[in-house]
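Below you'll find the structure, written out as structure tokens, and then a few comments.
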Amino acid sequence: MGYLLGVDIGTQGIKGVLLDENLKIVKKAYIENNYIQPKTNWFEHDAEETWWKGFKAVVQKLFTQVSFSPQEIVGIGCSGVSPCMLPIDSRDKPLRNAILYGIDTRAQNEMREMTQRLGEKKLLEINKQPLTSQSVGPKILWYKKNEPEKFKKTKKIFTSTNYIVYKLTGNYILDHSQAAFFGPFYDFNKHCWNKGICEFFDIPLNLFPELKNAKDIAGRISQRAAKETGLGKGTPIITGTADGLAEIISAGCFKPGEVTLIYGTTGIISIITNKIPSIKELWVLPHFLFSDQYLVIGGTATSAALTKWFRDNFGDIEKIMQKRIKINAYDLLIQQAEKIAPGSQGLMTLPYFSGERTPINDPLARGVIMGLTLSHSRAHIYRALLEGTAYSFQHHFDIFKQYNLEVSKVIACGGGIKSALWVQIVSDVIGRDQFIPNTTISAEMGMAYMAAKAVDLFNDYSFIIKAAGGEETGIEKCTFYRICSYCTTYPCSGKCNAHAISYDSSRFFKNI
């Protein structure tokens with residue numbers, strides 16, 4: 001019997017899973033980590049402490065709970081927070097903390113500079129998406145300007161997944177799906193690094209790693225890595241990809257028109273298409289498995305991050321009760337929010353507590369809780385936060401419709417689906433049923449599935465649909481938010497567009 005290892009490096013934790021050859025879960029493990037925030041809206045990870053030591057720790061935790069040896073692992077897959085900007089020197093040591101994905105908004109000036117110098121039309125031609133806080137290119141330029149001595153010493157630029165692959169194999173590899181986030185240095189049409197753009201911005205082409213597909217074997221565990229991790233020397237590891245994409249895999253979402261809605265620290269909304277649109281509001285990526293398909297993806301800056309913020313700052317009672325009665329603090333908050341009527345008695349939130357990524361791509365956006373009265377309680381605010389994220393999701397569905405991307409099915413996954421109330425609110429707001437696979441859906445599962453195919457345990461990817469799908473729980477849409485609550489609180493002229501107030505933040509702030 002051989003086993004598969006999947007690991008996901010998250011923003012606030014690292015997850016690992018062991019599967020047997022029949023894709024049954026043998027053991028799961030989790031360790032908590034956290035980000036570093038040196039300044040407002042700067043978010044970083046210490047790559048050695050958080051990524052590499054975290055990877056080793058979760059592997060060790062897994063194997064302390066099973067009777068078989070790490071040498072029995074036949075394939076490994078790793079996903080992670082993406083895209084990040086981690087420079088390493090000639091000794092392959094990090095020169096600074098990794099700058100995280102779109103939640104880090106330090107490179108606003110560089111975004112504007114690069115866009116002005118290239119022009120929006122050329123950017124869309126090259127990369128099929130605009131430069132946003134999600135793009136690695138402006139962060140590289142920021143690094144070059146602000147830390148020039150370190151930049152001169154830079155040998156390669158990494159993100160989380162390929163840093164782990166490098167530590168395990170010694171190979172510098174990145175998948176095409178994540179490379180598309182390295183705009184404007186990735187040529188979407190030619191599927192390669194753009195030498196001309198690198199020269200235009202005076203960024204050495206050799207900073208960027210070799211490109212492969214996420215499903216390809218990137219290398220094998222080196223003797224040094226085997227000694228450090230306990231894994232077997234020569235074990236194959238796939239290239240891997242971003243955590244949000246890995247979760248799409250685990251959901252068994254493969255057909256054009258299928259949407260995956262991930263309730264994570266940030267929200268990820270993706271739709272599969274067989275055409276290549278140029279969309280200024282969202283991100284367009286090559287599909288990680290199929291050469292004739294593409295992904296149109298959006299990402300909110302905050303989703304579960306908002307519920308964590310509320311729990312940490314206003315949930316002292318729930319945290320105390322969690323210790324005493326062993327009921328999760330979030331479950332206690334949800335129980336209170338369930339007693340509040342839809343619409344939170346006229347309370348609305350702009351969920352832009354860390355700026356916003358798609359579709360407004362505004363790092364200067366700020367969160368707002370509006371409509372407060374003396375009759376509102378903590379429970380009203382908590383429910384309003386959930387509703388605010390739902391309207392942010394709805395904005396993405398509006399963009400899909402604008403570009404004629406037809407939605408056939410919505411599959412929900414991520415840690416937030418544990419809250420039936422939150423998922424129900426979202427279904428009510430987006431006006432669509434959501435389907436939740438009854439089996440475990442997670443990025444580390446997706447990576448283990450891909451590793452299984454890479455080492456020829458299966459002939460095609462239909463096994464993922466079977467393993468991930470099973471019987472599905474349907475969360476049916478209701479009419480609360482389209483007919484009842486918001487339409488009676490805010491004017492709608494016969495068609496509820498109340499969610500518009502929650503995503504035109506620039507207009508809102510100009511009116512203050």
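The values are calculated or read from the model by the stated rules, or taken from the named source; none is laboratory data. Bear in mind that the values here come from a model prediction, so they are computed numbers and not experimental data. Virtual Cβ from ideal backbone geometry, glycine too; neighbours counted across all protein chains shown. What goes into the accessible areas is simple: the full protein's heavy atoms, side chains included, and nothing from ligands, DNA or RNA. Shrake-Rupley method; radii C 1.70, N 1.55, O 1.52, S 1.80 Å.
Each label was represented as a point 7 Å from its Cα along the Cα-to-Cβ direction; for residue 71 and residue 108 these points are 5.7 nm apart.
Would you please state which residues of the stretch 44-85 a label at residue 93 would reach in this model, taking the label point 7 Å out along Cα→Cβ and a backbone N cut-off of under 17 Å? Under cut-off, by backbone N: 46-50, 52-53. Ordered from highest to lowest accessible area with the whole protein assembly present and a 1.4 Å probe, 376, 396, 191 read as 191, 376, 396. Taking a span of 20 Å or more along the helix axis (Cα atoms) and a mean Kyte-Doolittle hydropathy of at least -0.5 as the rule, the DSSP H helices of the chain that qualify are 378-402.
Shown here is the pair-distance distribution of the stretch 291-408: with all Cα-Cα distances grouped in 5 Å bins from zero up to the longest one, the shares run 2, 10, 18, 18, 17, 13, 10, 5, 3, 2, 0, 0 percent. Given q = 0.18, 0.22 Å⁻¹, what are the Debye log10 I(q)/I(0) values for the stretch 332-390, with equal point scatterers placed on the Cα positions and solvent ignored? Summing over Cα pairs of the stretch 332-390 leads to -0.61, -0.81.
Note that the chain carries a Kirkwood radius of 23.3 Å, evaluated over its alpha carbons pair by pair.
Here the stretch 337-375 and the stretch 161-229 have alpha carbon centers that stand 38 Å from each other. Computed from the alpha carbon atoms alone, the convex hull of the stretch 20-155 holds 159 Å³ per residue.
Projected over every direction and averaged, the convex hull enclosing the alpha-carbon atoms of the stretch 111-196 yields 6.1 nm². For the stretch 212-291, a simple Cβ point-charge model (Lys and Arg +1, Asp and Glu -1, everything else neutral) yields a dipole of about 380 debye relative to the Cα centre. For the stretch 154-311, with equal point scatterers placed on the C-alpha atoms only and solvent neglected, what are the log10 I(q)/I(0) values from the Debye formula at q = 0.10, 0.13, 0.14 1/Å, to two decimals? Summing over Cα pairs of the stretch 154-311 leads to -0.43, -0.71, -0.82. Cβ-Cβ distance of residue 12 and residue 116, R₀ of 25 Å, FRET efficiency by 1/(1 + (r/R0)^6): the value works out to about 0.10. Summing Cβ point charges (Lys, Arg +1; Asp, Glu -1) relative to the Cα centre of the stretch 50-105 gives a dipole of roughly 180 debye. Work out the FRET efficiency for residue 398 and residue 364 from their Cβ-Cβ distance, taking R0 = 25 Å, and round it to the nearest 0.05. It comes out at approximately 0.70. Note that the chain presents 40 Å² accessible area per residue, ligands and nucleic acids not counted, probe 1.4 Å. With 0.36 nm allotted per residue and the present C-alpha distance subtracted, the residue 459-residue 421 stretch has 9.7 nm of extension available.
A Cα-only calculation for the stretch 136-185 places Rg and Dmax at 12.0, 32 Å. By accessible area, using a 1.4 Å probe on protein heavy atoms only, the chain has 50% of its surface on carbon and sulfur.
Residue ranking by accessible heavy-atom surface, 1.4 Å probe, largest first, among 114, 370 comes out as 370, 114.
When 447, 321 are compared by accessible surface with a 1.4 Å probe, the order from highest to lowest is 321, 447. In this rough spin-label picture, where each label sits 7 Å from Cα along the Cβ direction, the residue 64-residue 48 distance is 2.3 nm. Rg of the Cα atoms in the stretch 1-68, relative to 2.2 N^0.38 Å, amounts to 1.31. Annotation note: trypsin sites (Lys or Arg not before Pro) in the stretch 335-380 located in DSSP loop regions with a Cβ neighbour count of at most 11 within 10 Å are 339. If R0 is taken as 51 Å, the Cβ-Cβ distance between residue 150 and residue 22 corresponds to a FRET efficiency of 0.60. As an equivalent ellipsoid, the stretch 261-354 spans semi-axes of 36, 16, 12 angstrom, where each value is the square root of five times an eigenvalue of the C-alpha gyration tensor, largest first.
A Cβ-based charge dipole, computed about the Cα centre of the chain with Lys and Arg at +1 and Asp and Glu at -1, lands at about 820 debye. In percent, how large is the relative contact order of the chain, given Cα pairs closer than 8 Å and 6 or more residues apart? Relative contact order here is 15 percent. Annotation: average projected area of the stretch 418-468 is 4.4 square nanometres, based on the convex hull of Cα atoms across all directions.
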